[in-house]
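Only one structure is covered here, and it is reproduced in the block below.
The values are calculated or read from the model by the stated rules, or taken from the named source; none is laboratory data. What you are looking at is a predicted structure, and each value in this text was computed from that prediction instead of being measured. Here the Cβ positions follow ideal geometry from the backbone for every residue, glycine too, while neighbour counts run over all protein chains shown. The area values use the complete protein model at the heavy-atom level, side chains included, leaving out ligands, DNA and RNA. Shrake-Rupley method; radii C 1.70, N 1.55, O 1.52, S 1.80 Å.
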Amino acid sequence: MNFEAFFEDKLSALKSEGNYRVFADIERRKGQFPAATRHLDGEQSDVTVWCSNDYLGMGQHPVVLEAMHEALDRCGAGAGGTRNISGTNHYHVLLEQELADLHGKESALLFTSGYVSNWAALGTLAARIPGCIVLSDALNHASMIEGIRHSRAEKHIFAHNDPEDLDRRLSEMDPDAPKLVAFESVYSMDGDIAPIAEICDVADKHGAMTYLDEVHGVGLYGPRGGGIAEREGLMDRLTVIEGTLGKAFGVLGGYIAASTALCDFIRSFSSGFIFTTALPPAVAAGARAAVRHLKASEIERARQQRNVRRVRAELARLGIPTLENPSHIVPVMVGDPVKCKRISDWLMVNHGIYVQPINYPTVPKGTERLRLTPSPVHSDDDIDRLVVALSDIWSQCALHREFNVA
């Protein structure tokens, strides 16, 4: 087999479909985000980032940077091993205590990313609980899907955000079989929010465990940033709450929060935890500082929500199509991968605005979009420039059929 030709053919197909991914080479500027520097063909240009998951700008916050510098000076760069073999640093222990407190749980367990925490926790629970049946929301993240698939447990997919369909499926199962319901709070591409209370009601009715992915909710919602479940007073009803340190908390890593026994179970049996090097101490220290800060400060959340409202209102005024939702995510709907990439490139070249096109397989074909994430560190001038640029390109789209995105 000509392996190189096979690789090239597959890549060519992606390019012809408009689904080939091009990474923007950008350099974040300390203390100036969302301003960044783009590197292309040896040249540099100024850009404003409008698609970051550093939702609250905590990756640039002085309290986070100070904590990381202090830990780096105290401990050096790496953790030095897996958590089991010399890699458990005191900063990891402190961060796990902080996260358990954030979610009102007995314990928490750190992982190297949010993807790994879902893959490892769901995979271990579903595989190790004898006869476990998993019920997974139809729009769950790839990390959840992979973890469930890896477990080889019986799996059923229920209609997205549909407690009635979940109830119907559970009612058809052996009432004595162990069951796990896995779903998200905020769905990252559409920005819709799960009916957590109703799903918990159904799970309780059938004696099922609940596993909630709060990756796009932690830091952003609730009086202390505990997520949608905290905002709605439901944290105690969830068996496992999973989150990330790489989005609203601005650093890196993932975690679960649950009972002491459940966390210890995952710690003891999950290969995704046992056999990987621990997070660097400075990363853990920075994440802890971000969590502690957002437990006490409402400034970042209030400013972000204000900016989200303003962006939505301006786009609505211009008739630019967005997907309505109650969250901080603003999807600008295009519906064609080639046009989506073309608009993204045009915004970058002509206005220094960076919005990554979101194409298949991240979203279904025909729903390609620009995913805007207004943050508290975007200024009114940043918003004005974004609105003018989008108005400009949408006007061109209306005049030139080859750019039509309506």
Checklist entry - Which of the residues spanning the stretch 373-387 are farther than 22 Å from L323 by Cβ and of a type in the set (A, V, I, L, M)? => result V377
Checklist entry - Quick check: is even one residue across the stretch 380-400 over 21 Å from Y55 (Cα atoms), among the β-branched types (V, I, T) and open to solvent by less than 20 Å² (accessible area, probe 1.4 Å)? => result yes
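Confirm whether S16 is within 24 Å of G335 (Cβ to Cβ), assigned to a helix (DSSP H, G or I) and small (G, A, S).
Values: within 24 Å of G335 (Cβ to Cβ): yes; assigned to a helix (DSSP H, G or I): yes; small (G, A, S): yes.
Spelling it out, S16 is indeed within 24 Å of G335 (Cβ to Cβ), assigned to a helix (DSSP H, G or I) and small (G, A, S).
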Checklist entry - Quick one: would you say K10 is more than 30 Å from T88 (Cβ to Cβ) and modelled with pLDDT under 95? => result no
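Kindly indicate which of V334, V377 is within 22 Å of the chain's Cα centre (by Cα), surrounded by 20 or more Cβ atoms within 10 Å (Cβ to Cβ), at pLDDT below 95 and among the hydrophobic types (A, V, I, L, M, F, W, C).
Working: V377 fails: at pLDDT below 95.
The conditions single out V334.
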Next on the checklist: Can you tell me which condition A138 does not meet? The list is (1) open to solvent by 10 Å² or more (accessible area, probe 1.4 Å); (2) in contact with a helix residue (DSSP H, G or I) (Cβ under 7 Å, 6 or more places away or on another chain); (3) small (G, A, S), and all the others hold.
Outcome noted: (2)
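Against the definition (touching a Ser or Thr at 6+ places or on another chain (Cβ under 7 Å), over 27 Å from P280 (Cα atoms), in contact (Cβ under 8 Å) with a residue 24 or more places away in the chain and open to solvent by 10 Å² or more (accessible area, probe 1.4 Å)), how does A153 come out, yes or no?
Working: touching a Ser or Thr at 6+ places or on another chain (Cβ under 7 Å): no; over 27 Å from P280 (Cα atoms): yes; in contact (Cβ under 8 Å) with a residue 24 or more places away in the chain: yes; open to solvent by 10 Å² or more (accessible area, probe 1.4 Å): yes.
When the stated conditions are applied, A153 does not pass them.
Matching residues to (1) touching a residue at least 24 places away in the same chain (Cβ under 8 Å); (2) within 18 Å of P361 (Cβ to Cβ):
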{"position": "E4", "(1), (2)": "no, no"}
{"position": "K10", "(1), (2)": "no, yes"}
{"position": "E17", "(1), (2)": "yes, yes"}
{"position": "F23", "(1), (2)": "no, yes"}
{"position": "E27", "(1), (2)": "no, no"}
{"position": "G42", "(1), (2)": "no, no"}
{"position": "V49", "(1), (2)": "yes, no"}
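Out of curiosity, is D345 modelled with pLDDT of 95 or more and among the charged types (D, E, K, R)? Can you show your working first?
On the way: modelled with pLDDT of 95 or more: no; among the charged types (D, E, K, R): yes.
Against the criterion (modelled with pLDDT of 95 or more and among the charged types (D, E, K, R)), D345 does not qualify.
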Checklist outcome for this item: Filter the stretch 73-101 for residues that are over 18 Å from L245 (Cα atoms) and aliphatic (A, V, I, L, M); the one that is surrounded by the fewest Cβ atoms within 10 Å (Cβ to Cβ) is A77
Item to check | Answer residue from the stretch 1-33, given it is open to solvent by less than 50 Å² (accessible area, probe 1.4 Å) and in contact with a helix residue (DSSP H, G or I) (Cβ under 7 Å, 6 or more places away or on another chain) and is nearest to L386 (Cα to Cα) among those | outcome: F33
Checklist outcome for this item: By residue number, the members of the stretch 198-213 that are touching a residue at least 40 places away in the same chain (Cβ under 8 Å) and either closer than 12 Å to H103 by Cα or open to solvent by less than 30 Å² (accessible area, probe 1.4 Å) (or both) are A208, Y211, D213
Next on the checklist: With the requirement that a residue be under 17 Å from S344 (Cα atoms) and either open to solvent by 50 Å² or more (accessible area, probe 1.4 Å) or of a type in the set (D, E) (or both), what does the stretch 34-44 give you?
Outcome noted: R38, H39, L40
Checklist entry - Could you say whether any residue in the stretch 138-147 is touching a Lys or Arg at 6+ places or on another chain (Cβ under 8 Å) and not aromatic (F, W, Y)? => result no
Next on the checklist: Regarding the stretch 224-243, can at least one residue be identified that is open to solvent by 10 Å² or more (accessible area, probe 1.4 Å), within 19 Å of the chain's Cα centre (by Cα) and either under 21 Å from T124 (Cβ atoms) or hydroxyl-bearing (S, T, Y) (or both)?
Outcome noted: no
Item to check | Residues that are outside any helix (DSSP H, G or I), open to solvent by 50 Å² or more (accessible area, probe 1.4 Å) and at pLDDT 95 or above, drawn from the stretch 292-322 | outcome: E298
Checklist outcome for this item: Checked against (1) in a loop (DSSP other than H, G, I, E, B); (2) touching a residue at least 40 places away in the same chain (Cβ under 8 Å), M348 satisfies every condition except (1)
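If you scan the stretch 367-382, which residues turn out to be in a loop (DSSP other than H, G, I, E, B), of a type outside the set (A, V, I, L, M, F, W, C) and either over 17 Å from V338 (Cβ atoms) or in contact with an Asp or Glu (Cβ under 8 Å, 6 or more places away or on another chain) (or both)? Reasoning before the result, please.
Start the filter on the stretch 367-382 by keeping residues that are in a loop (DSSP other than H, G, I, E, B), which leaves 367-368, 373-379.
Of the ones still in play, those that are also of a type outside the set (A, V, I, L, M, F, W, C) are 367-368, 373-376, 378-379.
Within the stretch 367-382, E368, T373, P374, S375, P376, H378, S379 qualify.
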